[in-house]
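In what follows, a single structure is set out as structure tokens and then discussed.
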Amino acid sequence: MHPAPSVIIFTTFSGLGFGLLFWLGLGALQPTGFGAFIWFAIAYAMAVGGLLASTFHLGHPERAIKAFSQWRTSWLSREGIAAVVTLVIMGIYALGALFGTHMGFLGFLGALGALATVFTTSMIYAQLKTVPRWKHWTTPALFLTLSIGGGALFAGQVWIAIVLLAAAAALQYYAWMSGDTRLAESGTDLKTATGLGNIGEVRAFEPPHTGTNYLLREFVHVVGRKHAEKLRMIAMGLAFVLPVLLLILPFNHFFALLAVLSHIAGVLTLRWLFFAQAEHVVGLYYGKR
């Protein structure tokens with residue numbers, strides 16, 4: 001069993017799209033006319049495309065509109081609201097740019113909205129007590145750093161991208177090292193998972209059932225240690241090392257394109273590992289931990 005592709009695509013491309021909108025809103029790029037159309041089309045394609053991909057992961061995609069009503073308690077609802085508000089604001093800003101007008105205050109609001117959207121996305125995962133690896137400050141920090149770092153890479157902000165990608169690499173390494181022991185340190189085990197610890201030692205005699213179910217498909221992924229280590233090295237190389245090396249070289253359009261493609265491939269791998277190594281506590285009940 002593997003993490004759903006729709007969630008991997010959503011978290012990767014929506015983050016990059018809103019990261020690019022962040023830099024466009026701040027005025028790091030001030031294209032006009034057809035140039036503005038191209039830049040905003042790229043940003044919206046990634047941001048909106050990623051959001052649309054997430055709806056395929058819903059049990060009832062046709063009910064997605066209902067998610068907007070739970071903003072008081074749901075980070076998913078807050079994400080949806082933040083995304084729509086940001087896209088509307090940046091849409092107006094983009095319309096002005098098409099005709100040679102850059103509304104600075106509006107762009108600044110859109111940039112803040114882009115950050116808010118990425119943050120709310122990260123909190124969907126960082127709030128979960130059932131996944132100790134995610135419930136940590138590194139989760140929102142990584143989402144934000146990867147978003148604005150990837151956005152800087154797309155926007156051609158070379159030295160900013162180098163600094164942010166280096167910071168994201170350090171954060172990612174720390175998140176892996178500290179996250180590998182977080183489930184054990186949480187005190188959650190088979191005794192607490194079954195509620196039978198008060199009567200003695202608990203062990204799984206047989207699985208609860210012989211077939212699969214929603215919980216096993218969505219929350220219980222087992223990745224071999226050696227396999228995970230190789231994927232981590234590949235992800236670090238593609239997402240951070242190769243793009244930074246290419247950015248340090250004298251500017252070349254081919255190298256810039258290669259850096260962007262490498263980063264996307266690396267972040268997709270990072271996202272796959274993010275979900276595959278989640279270690280949801282429900283796995284204890286099924287004897288998978």
**Request:** Please report how far the C-alpha centroid of region 227-289 lies from that of region 66-126, rounded to the nearest whole angstrom.
**Result:** 26 Å
**Request:** Rank by packing, highest mean first: peptides 133-139, 108-114, 156-162, 176-182, with packing defined as the count of other Cβ atoms within 10 Å averaged across residues.
**Result:** 108-114, 133-139, 156-162, 176-182
**Message:** Calculate the FRET efficiency for ALA166 and ARG203 from the Cβ-Cβ distance with a Förster distance of 45 Å, rounded to the nearest 0.05.
**Reply:** 0.50
**Item:** Alpha-carbon Rg/Rh ratio, for region 1-45, with Rh computed the Kirkwood way
**Value:** 1.16
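Provide the packing ranking of 80-93, 267-280, i.e. peptides ordered by the mean count of other C-beta atoms within 10 Å per residue, highest first.
Numbers: 80-93: 19.8, 267-280: 22.1.
Ranked from most to least packed, the peptides come out as 267-280, 80-93.
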**Request:** Just add up the charged neighbours of PHE274: K/R +1, D/E -1, any other residue whose Cβ is under 12 Å from the Cβ of PHE274.
**Result:** +2
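Readers should treat all values here as calculations from the given coordinates under stated rules, not as data from a laboratory. Because the structure is predicted, anything quoted here is derived from the model rather than measured. As a convention, Cβ positions derive from the backbone with ideal geometry for all residues, glycine included, and neighbour counts pool all protein chains shown.
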